[in-house]
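Below is one structure, written out as structure tokens; comments come after it.
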Amino acid sequence: MSWGNSPGSVVVEGEIRWQREAHPPGRRLENQVVVVTGSSRGFGRLIALAAAAEGAHVVVTYVRSKEGAEAVTKSITDSGRRSIAVQCDIAKLADVQRLADQTWEAFGRCDVLINNAGETAATKMGWRQLEEHVIDEILEMDVKGTMLCTHVFGERMLDRQKAGNIVNIGSNVISTGSPRAPEYAAAKYGILGLTKSYALALAPYVRVNYAAPGYMDTDSLNARKDWTPARRKVVVDNTPLKAIGDPGNLVPVVLFLASQDSLHMTGNTVICDGGFSMPGA
């Protein structure tokens, strides 16, 4: 059977030839099951709603914001798609396994996993501020949490479906570094390593890619004490497109990786920061 996000395949002289399923414009995720971690608010919420608008049924996860998660699921079900909200601390294996169990019980499969949940070390004002609990929180959520979700869902996608797609949300700090929060940069580098490793481990049936946005004009960024008008101006002045990223404009990059539009991509990184980091080829 051909599952939603991995099309059918034929073998020609021992080589797998993937065949892209055709969907009407604006319905690239038609009837696919998409799990978006950390989707009760912020960027994750926008991704979940956009996936539903592309025809997906969506699993919304949260840690504490049950009310926010249920509001997202209501918006999705009101649009005619199916959706459930599941409480999940992605840094706990039992929680991730329960999330996978509930996803397969409710929908019978998972076509796309979007690992959006993560920490930003928002309380740090500079590298001299060294606190073990901040390091632990960042690495546990970003590296351990992403690994647990990728492993548990990727294994089921491979073994049960021989099909699937995983998108990890990282950051352009993999190119720029972070003098403010080196542990944040280290965590995002860790996610990059996980992306490439699982892209190899789960191939050829499950694709794994990395979306790396730069600064995003979110409430959490604007609430940071170090995000002053002067610093914002410096960032904008050094960004070729002369703007801080609007989350709504960055969501399509994630959907591109989540859909069959990126069919021949795995282990790839797509940086979307207005040209701020200008990585080499």
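No value in this document is a laboratory result; all are computed from the given coordinates. Source: prediction; values computed, not measured. In this analysis, Cβ positions are derived from the backbone assuming ideal geometry, glycine residues included, and neighbour counts consider all displayed protein chains.
Table for the structure above
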quantity	calculated
Top of Asn165, Asn222, Asn209 by mean-square fluctuation, Gaussian network on the chain, Cα under 10 Å	Asn222
Lys, Arg +1 and Asp, Glu -1 on Cβ, resulting dipole of the range 30-272 about Cα centre, debye, nearest 20	320 debye
Binned Cα-Cα distances of the chain, short to long, each 10 Å bin given as a whole percent	7, 29, 37, 21, 6, 1, 0
Whole-Hz ³J(HN,Hα) from phi, Karplus 6.51 cos²θ - 1.76 cosθ + 1.60, for the range 184-195, glycine and proline x	5, 4, 4, 5, 5, 5, x, 5, 4, x, 5, 4
Note, ³J(HN,Hα) from phi for the range 63-79, Karplus 6.51, -1.76, 1.60, rounded to Hz, x at Gly and Pro	9, 10, 7, 4, 4, x, 5, 5, 5, 5, 5, 5, 4, 6, 5, 5, 7
Distant-in-sequence amide H partners of Asp273 (H built 1.01 Å from N, under 5 Å)	Gly214
Trypsin sites (Lys or Arg not before Pro) restricted to DSSP loop in the range 109-140 with at most 13 other C-beta within 10 Å	Arg128
Percent RCO, i.e. relative contact order, over the range 30-272, from Cα pairs under 8 Å lying at least 6 residues apart	18 percent
Sparse-neighbour loop sites [chymotrypsin sites (Phe, Trp or Tyr not before Pro); the range 90-130; at most 15 other C-beta within 10 Å; DSSP]	Trp127
Between the range 112-137 and the range 174-205, the Cα center-to-center distance that results, in Å	14 Å
For the range 206-218, 3J(HN,Hα) per residue [Karplus equation, 6.51 cos²θ - 1.76 cosθ + 1.60, θ = phi - 60°, Hz, x = Gly/Pro]	10, 8, 9, 9, 10, 9, 10, x, x, 4, 10, 6, 10
GluC sites (Glu not before Pro) restricted to the range 129-229 and DSSP loop, no more than 16 other C-beta within 10 Å	Glu131
Amide H partners (placed H, <5 Å) of Arg207, local residues excluded	Gly164, Asn165, Ile166
Amide H contacts of Cys88 (H built 1.01 Å from N, under 5 Å, at least 5 apart or other chain)	Tyr62, Val63
